[in-house]
1. If you look at just the Cα atoms of the chain, how large are its Rg and its Dmax in Å?
2. Taking amide H positions as placed 1.01 Å from N in the peptide plane, with prolines and chain starts having none, which residues 5 or more places from VAL222, or on another chain, fall under 5 Å of its amide H?
3. So for region 260-301, what percent of the C-alpha to C-alpha distances run longer than 11 Å?
4. Rounded to the nearest 500 deg cm²/dmol, what is the calculated helix-only ellipticity per residue at 222 nm for the chain, with -39500 (n - 2.57) per DSSP H run of length n ≥ 4?
5. Where the centre of each part is set by its Cα atoms, how far does region 139-184 sit from region 1-17, in angstrom?
6. Sort region 48-196 into rounded, prolate or oblate with this rule: let a ≥ b ≥ c be the square roots of the eigenvalues of the Cα gyration tensor; rounded if a/c is under 1.5, and if a/c is not under 1.5, prolate when a/b is larger than b/c, oblate otherwise.
7. Taking the highest mean first, how do the peptides 4-12, 229-237, 334-342 order by number of other beta carbon atoms within 10 angstrom per residue?
8. For a quick check, take a GNM of the chain with Cα springs below 10 Å and name the residue from LEU190, LEU239, LEU151 with the largest mean-square fluctuation.
Amino acid sequence: MTRWIRAVAPPRVVNIEDLRRLAQRRLPAAVFDYLDGGAEGESTLKENCRAFDALTFRPRNAIAVPNCDLRTKVLGSELSFPALLAPVGYSRMMHPDGEVAAARGAGAAGTAYILSTISGHKLEDVKAASSGPVWYQLYLVGGREAAEAALERARVAGFSVLAVTIDTGTAGMRERDVRNGTAELMSGKLLAMLPFLPQFLSRPGWLMAFLRDGGIHKLPNVIIPGCGPMALIDVAAALAGSVVTWQDFQWLRAVWPGPIVVKGVLTGDDARRSIDAGAAGVIVSNHGGRQLDSVPATLRALPEVVKVVDGQIEVLMDGGVRRGSDIVKAICMGARAVLVGRAYAYGLGAAGEAGVVPPTWPT
Ligand SMILES: Cc1cc2nc3c(=O)[nH]c(=O)nc-3n(C[C@H](O)[C@H](O)[C@H](O)COP(=O)(O)O)c2cc1C
């Protein structure tokens with residue numbers, strides 16, 4: 001661990017872009033691009049960050065600043081600052097400790113971690129690793145029966161909030177994944193894999209850790225009745241066959257006793273439907289530009305949603321948050337808190353748990 005803490009200490013790592021660079025150096029192209037890339041021309045991915053850069057502060061100076069209290073409460077979860085760790089599917093690919101390390105880092109920093117359905121670790125282990133709140137993100141990839149079993153396990157384990165992602169009717173068209181041979185690499189067929197294998201030889205540290213971890217694991221939280229855990233390679237097809245619709249929310253409210261937050265809202269219309277569906281909150285999100293390209297940057301979509309919601313439920317946002325000042329901008333525009341995805345996942349890829357919340361960073 002000390003080696004990793006040193007690896008992410010200043011001056012080598014001062015901001016998220018530094019973590020991104022380190023992740024690129026440690027991860028094979030297929031893994032780094034899975035994390036870093038977006039859908040099609042990646043316009044939305046870029047716009048998410050550009051929108052933050054384009055928004056400027058209107059400061060009031062000559063004001064004494066007492067100790068800042070950043071604590072907040074989001075859907076009943078007490079947080080020490082207004083940023084949660086977003087669900088990042090199969091984080092175990094970035095580092096063997098994956099979701100467990102991210103949850104532990106979130107807890108240590110006093111914030112919440114949202115576990116993706118597409119997790120390489122058991123949800124019980126992830127919850128046990130964190131001293132903070134943990135939420136569960138749901139896809140219906142295994143059908144309703146598999147989802148009900150996972151939600152019951154999550155409830156028993158102490159997950160407090162359910163985040164239902166509505167923007168993944170099919171897996172996004174990610175051109176970098178096609179170039180890197182991601183599907184071929186996951187096929188397990190040596191002949192198909194062969195042309196794409198050299199990228200791993202230049203990343204021996206990652207490769208050794210990946211092999212020691214036993215390679216690609218099945219999904220321990222998606223148990224298909226009669227078949228067992230779902231294989232990672234089956235996820236893309238399963239996503240396409242399992243769209244979450246507004247009709248599903250009635251059933252979800254019956255099987256999940258806690259608050260439900262709808263992730264993937266970009267318009268006032270969908271915010272209204274979320275309220276009608278009984279949601280306690282919405283997350284203004286375009287999936288970090290990984291799903292439908294050419295949708296607006298989330299910071300630009302936020303005001304319409306905030307206006308329609310009008311304080312009836314909580315509004316969170318994600319997409320493009322890379323700095324503390326981005327969090328402040330989102331809150332100024334009406335969000336209660338933000339989620340960060342790539343910002344911590346780069347750290348996970350660069351240095352495991354030490355990179356999620358570098359202990360040497362100023363707080
Ligand atoms: C590698 C990766 C995997 C993701 N997997 C999921 C997922 O399984 N479920 C989900 O709801 N969102 C997923 N997301 C989207 C994030 O939860 C979040 O909406 C997005 O990362 C926010 O944008 P940012 O990365 O610019 O912070 C993923 C994002 C990344 C980068």
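Every read-out reported here was derived from the displayed coordinates using simple, explicitly stated rules and does not represent laboratory data. None of the values given here were measured: they were computed from a predicted structure. Please note: Cβ atoms are built from the backbone with ideal geometry, for glycine as well, and neighbour counts cover all protein chains shown.
1. My reading of the Cα-based Rg and Dmax gives 19.6, 68 Å.
2. Distant-sequence amide H within range of VAL222: MET230.
3. Details: 526 of 861 pairs.
Tail of P(r) above 11 Å: 61 percent of Cα pairs.
4. Details: 19 runs with 158 residues, N = 363.
Per the formula, -12000 deg cm²/dmol.
5. Taking the Cα centre of each part, region 139-184 and region 1-17 sit 31 Å apart.
6. On the way: a/c = 2.21, a/b = 1.42, b/c = 1.55.
Oblate is the answer for region 48-196, as a/c is 1.5 or above yet b/c matches or exceeds a/b.
7. Working: 4-12: 14.6, 229-237: 17.1, 334-342: 22.9.
Descending packing order for the listed peptides: 334-342, 229-237, 4-12.
8. Residue with maximal mean-square fluctuation among LEU190, LEU239, LEU151: LEU190.
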